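Participant: Following this message is one structure expressed as structure tokens.
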């Protein structure tokens, strides 16, 4: 067994941070051009005999995207952006919709509305028009990165089957006629990443082409699996950022090895189907292991630049806003396993 090429890169490459300003779109574009582009060119130059990992399949490209972006991030927020965008592209790849995503452009996931992201809460509507296209109307809230996005992945209703709200996903440019993106007032809430902004998106008679719709059910095939993919990929990108800081700052070799083990584990999960109970349990266990490793490494942050160490503390302080949802997914995975055992 050989270690994944992206992980080998994180151990061998110079751990230099990419400086590209304070806007997520600018940094992500620079990272795509200066890091992902050359990486893909080198990868495509290898033949199968020298690429046993199969970089073109099973989501490996997108996991490498998360690792490489996190590794060159100059702040925790950009590691989050790299992981989030890699997760978006993994999801789109699974639904044959990756061609709708702009190269080097941020894409915002627009599912949540005033009542949340559950199917019954989705009121945005996608109706057919006489020309064979569609018309999109409604409002989205808590759209992460939307103020910096080149494109929006929107979840909307196409009607009901009895009590069931039928949802579809579509991807359209953020500057499309009828789309208004407004920064969201967070009130007294202090975000972990000040640079990662959220938005309210008003959709008023937005024209949508049939080719801009993605395959599958908008909830079961996109919203629901994205939660697990996002947790895994953002976590991996953040650990890759931690690893780069550790190497730059002279942490003990054993600490770097601990971080490598977390990434190897994340990769083992990422390269398989993420809708299986084992994947949900693996992500939950990985989160606990990551917390333990971070606690073990607390003393090493004295070796890190004070500004970087302070940014890390802000980004990792306290539980995330989706902790309850993560716990429900873990419990649901155990229920599925137990139900399967009973049937057998």
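The values are calculated or read from the model by the stated rules, or taken from the named source; none is laboratory data. Computed from a predicted structure; not experimentally measured. Note: ideal-geometry Cβ built from the backbone for every residue, glycine included; neighbour counts use all protein chains shown.
Participant: Within region 311-321, does at least one residue satisfy the condition of being over 22 Å from the mean Cα position of the chain (by Cα), surrounded by 11 or more Cβ atoms within 10 Å (Cβ to Cβ) and at pLDDT 90 or above?
Facilitator: no
Participant: Hey, any hits in region 53-62 for a residue that's modelled with pLDDT of 90 or more and not assigned by TED's automatic domain parsing to the domain that holds residue 184?
Facilitator: Yes, region 53-62 has at least one match.
Participant: While we're looking at this one, here's another question. Name the residue, out of 143, 87, that is in the same structural domain as residue 237 (by TED's automatic domain parsing), within 18 Å of the chain's Cα centre (by Cα) and closer than 15 Å to residue 223 by Cβ.
Facilitator: 87
Participant: Tell me yes or no: at least one residue of region 158-166 is buried (at least 21 other Cβ atoms within 10 Å of the Cβ), touching a residue at least 24 places away in the same chain (Cβ under 8 Å), in the same structural domain as residue 203 (by TED's automatic domain parsing) and within 23 Å of residue 275 (Cα to Cα).
Facilitator: Scanning region 158-166, I find no residue that is buried (at least 21 other Cβ atoms within 10 Å of the Cβ), touching a residue at least 24 places away in the same chain (Cβ under 8 Å), in the same structural domain as residue 203 (by TED's automatic domain parsing) and within 23 Å of residue 275 (Cα to Cα), so the answer is no.
Participant: Moving to a separate point now. Just checking, does region 301-309 include any residue being at pLDDT 90 or above, within 19 Å of the chain's Cα centre (by Cα) and either farther than 16 Å from residue 233 by Cβ or not in a helix (DSSP H, G or I) (or both)?
Facilitator: No: region 301-309 contains no residue that is at pLDDT 90 or above, within 19 Å of the chain's Cα centre (by Cα) and either farther than 16 Å from residue 233 by Cβ or not in a helix (DSSP H, G or I) (or both).
Participant: Considering each of 281, 245, 303 in turn, give the residue that is within 19 Å of residue 83 (Cβ to Cβ), touching a helix residue (DSSP H, G or I) at 6+ places or on another chain (Cβ under 7 Å) and not assigned by TED's automatic domain parsing to the domain that holds residue 196.
Facilitator: Matching residue, one of 281, 245, 303: 245.
Participant: Another one. Kindly establish whether residue 235 is over 30 Å from residue 177 (Cβ atoms), in contact (Cβ under 8 Å) with a residue 40 or more places away in the chain and loosely packed, with under 15 Cβ neighbours inside 10 Å.
Facilitator: Here the answer is no, as residue 235 does not meet what is asked.
Participant: Only one of these is outside any helix (DSSP H, G or I), buried (at least 19 other Cβ atoms within 10 Å of the Cβ) and out of contact with any helix residue (DSSP H, G or I) (no Cβ under 9 Å at 6 or more places or on another chain): 206, 181. Name it.
Facilitator: 206
Participant: Residue check, residue 98 against (1) buried (at least 18 other Cβ atoms within 10 Å of the Cβ); (2) out of contact with any strand residue (DSSP E or B) (no Cβ under 7 Å at 6 or more places or on another chain), all met but one. Which one?
Facilitator: All conditions pass for residue 98, except number (1).
Participant: Take the residues in region 34-51 that are touching a helix residue (DSSP H, G or I) at 6+ places or on another chain (Cβ under 9 Å) and outside any helix (DSSP H, G or I); name whichever of them is modelled with the highest pLDDT.
Facilitator: Among those residues, the one meeting the criterion is 46.
Participant: Quick check on residue 263: is it in the same structural domain as residue 279 (by TED's automatic domain parsing), buried (at least 17 other Cβ atoms within 10 Å of the Cβ) and at pLDDT 95 or above?
Facilitator: In short, yes.
Participant: So which of 263, 281 ends up being under 17 Å from the mean Cα position of the chain (by Cα), in contact (Cβ under 8 Å) with a residue 12 or more places away in the chain and closer than 30 Å to residue 332 by Cβ?
Facilitator: Selected residue: 263, the only one of 263, 281 that is under 17 Å from the mean Cα position of the chain (by Cα), in contact (Cβ under 8 Å) with a residue 12 or more places away in the chain and closer than 30 Å to residue 332 by Cβ.
Participant: Ok, one more. Within region 114-150, which residues are touching a residue at least 24 places away in the same chain (Cβ under 8 Å), surrounded by fewer than 21 Cβ atoms within 10 Å (Cβ to Cβ) and assigned to a strand (DSSP E or B)?
Facilitator: Listed by number, the residues that qualify are 125, 127, 135, 137, 138, 139.
Participant: Just to be sure before I move on: is residue 197 buried (at least 18 other Cβ atoms within 10 Å of the Cβ) and outside any strand (DSSP E or B) in the structure I sent?
Facilitator: So residue 197 fits the description; yes.
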